[in-house]
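What follows is one structure encoded as structure tokens, with my remarks underneath.
The values are calculated or read from the model by the stated rules, or taken from the named source; none is laboratory data. Just so it is clear, the structure is predicted and the values come from calculations on it, not from any experiment. As a convention, Cβ positions derive from the backbone with ideal geometry for all residues, glycine included, and neighbour counts pool all protein chains shown. Accessible surface areas use protein heavy atoms only, side chains included; no ligands, DNA or RNA. Shrake-Rupley method; radii C 1.70, N 1.55, O 1.52, S 1.80 Å.
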Amino acid sequence: MGRQRRPWAAAAAAAVLLVASCVAAAPLQQQHKHARISGDAGGVLDDNPVGKLKVFVYEMPRKYNQMLLAKDSRCLHHMFAAEIFMHQFLLSSAVRTLDPEEADWFYTPVYTTCDLTPQGFPLPFRAPRIMRSAIKYVATTWPYWNRTEGADHFFLTPHDFGACFHYQEERAMERGILPLLRRATLVQTFGQRNHVCLQDGSITIPPYANPHKMQAHLINPGTPRSIFVYFRGLFYDMGNDPEGGYYARGARASVWENFKDNPLFDISTEHPSTYYEDMQRAIFCLCPLGWAPWSPRLVEAVVFGCIPVIIADDIVLPFADAIPWEQISVFVAERDVPRLDSILTSIPLQDILRKQRLLAGASVKQALLFHQPARPGDAFDQVLNGLARKLPHGKGVFLQPGEKVLDWDAGLESDLKPW
């Protein structure tokens, strides 16, 4: 069936493309004089955490980190790699202290997403065993875990559903957060309000997206944004959801069924070599949930100045206390996906231009990237700032002598097996 362009949609799109062609994607390292983000976000993103907290890094046996990495270097490049780069960053960070008695926070470098299947996915049954083993080592080697049962400790848990350690939501919810982590601060990519896999006090971070790779694909800043809506990715996951409807809660399937023939939508399952370049030619980039509500697509969209269209009900976005996502994104409820075309074409041009100008600034881009080496205001600094804002610790952090809160025998029987 041939494509039929609706007159009102064509006119709206033409107007948007004409005006938006004046706004270009900015190089990652370049500063610009663009519209200022209102509120406290601009200042918060630029905060320097040095002097606001001290972190003690446990020296763990190599089997918990370096040996896993040596066994499979793919963990350096996948979207869960923040746990590796955070460790490397902290080892040379000015916030690190070698004296645990003066530490505000304790960090355990354990790479739970680095034990991979042949296809490159973290093994969900191994991750909780690795974490339990690491906590037991810390608790029996140093006195600091036992005085708080982890309440002044933070852990990187960048799995699909955080410390629930599974890529399928139903299985993740059955497991729940690993009981031994109930008092710790979890630094994780997963964030969804009122969900068993997000506990109070967690810090939601962006997934890892390689800054150098994106930098290498920057195109001429004067290139017009000639694509109205762009998306590349799965619409169905027949291997894990053969009956359909469960994957992405049906939102991606709805995008395809409603807009595969719409000329305003450049959507496909193909992942071309020009993927990054295409994002820089697009006005809106769809960021729908998949199995989990988050993906690197959000980071890529922001870096390339493509307005993220976030389709994930109740999502908690990275560094939401510092980044004003409402000013730089468009939120569409999952139930409203069939109206996506009318929603986007009805956005006033001045609102689109303002979002593009804000995206062209450096601070938000920087805040979502784990640079190597680290840069001021990047994702590492945002994690530290998030930890600093939780200080000083409350009265409930330190336990009375002999007081116990956590049950070492709690959890699924399979998770209690030794690693």
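Restricting attention to the stretch 365-380, which residues are surrounded by 24 or more Cβ atoms within 10 Å (Cβ to Cβ) and farther than 18 Å from TRP325 by Cα? Those that are surrounded by 24 or more Cβ atoms within 10 Å (Cβ to Cβ) and farther than 18 Å from TRP325 by Cα: PHE370, PHE380.
Just the residues that are among the aliphatic types (A, V, I, L, M) and under 23 Å from the mean Cα position of the chain (by Cα), please, taken from the stretch 58-91.
From the stretch 58-91, those among the aliphatic types (A, V, I, L, M) are 60, 67-70, 76, 79, 81-82, 84, 86, 90-91; that's our starting set.
Residues satisfying the conditions are LEU68, LEU69, LEU76, MET79, ALA81, ALA82, ILE84, MET86, LEU90, LEU91.
With respect to (1) more than 30 Å from ALA379 (Cα to Cα); (2) open to solvent by 10 Å² or more (accessible area, probe 1.4 Å), the lone exception for VAL255 is condition (2).
For the stretch 345-364, filtered to residues that are hydroxyl-bearing (Ser, Thr, Tyr) and over 19 Å from ARG281 (Cα atoms), the residue that is least open to solvent (accessible area, probe 1.4 Å) is SER363.
Residues that are closer than 22 Å to ASP378 by Cα, open to solvent by 10 Å² or more (accessible area, probe 1.4 Å), touching a residue at least 60 places away in the same chain (Cβ under 8 Å) and of a type in the set (Gly, Ala, Ser) do not occur anywhere in the stretch 304-316.
Quick check: anything in the stretch 334-347 closer than 24 Å to ASN210 by Cα and in a loop (DSSP other than H, G, I, E, B)? No; the residues of the stretch 334-347 include none that is closer than 24 Å to ASN210 by Cα and in a loop (DSSP other than H, G, I, E, B).
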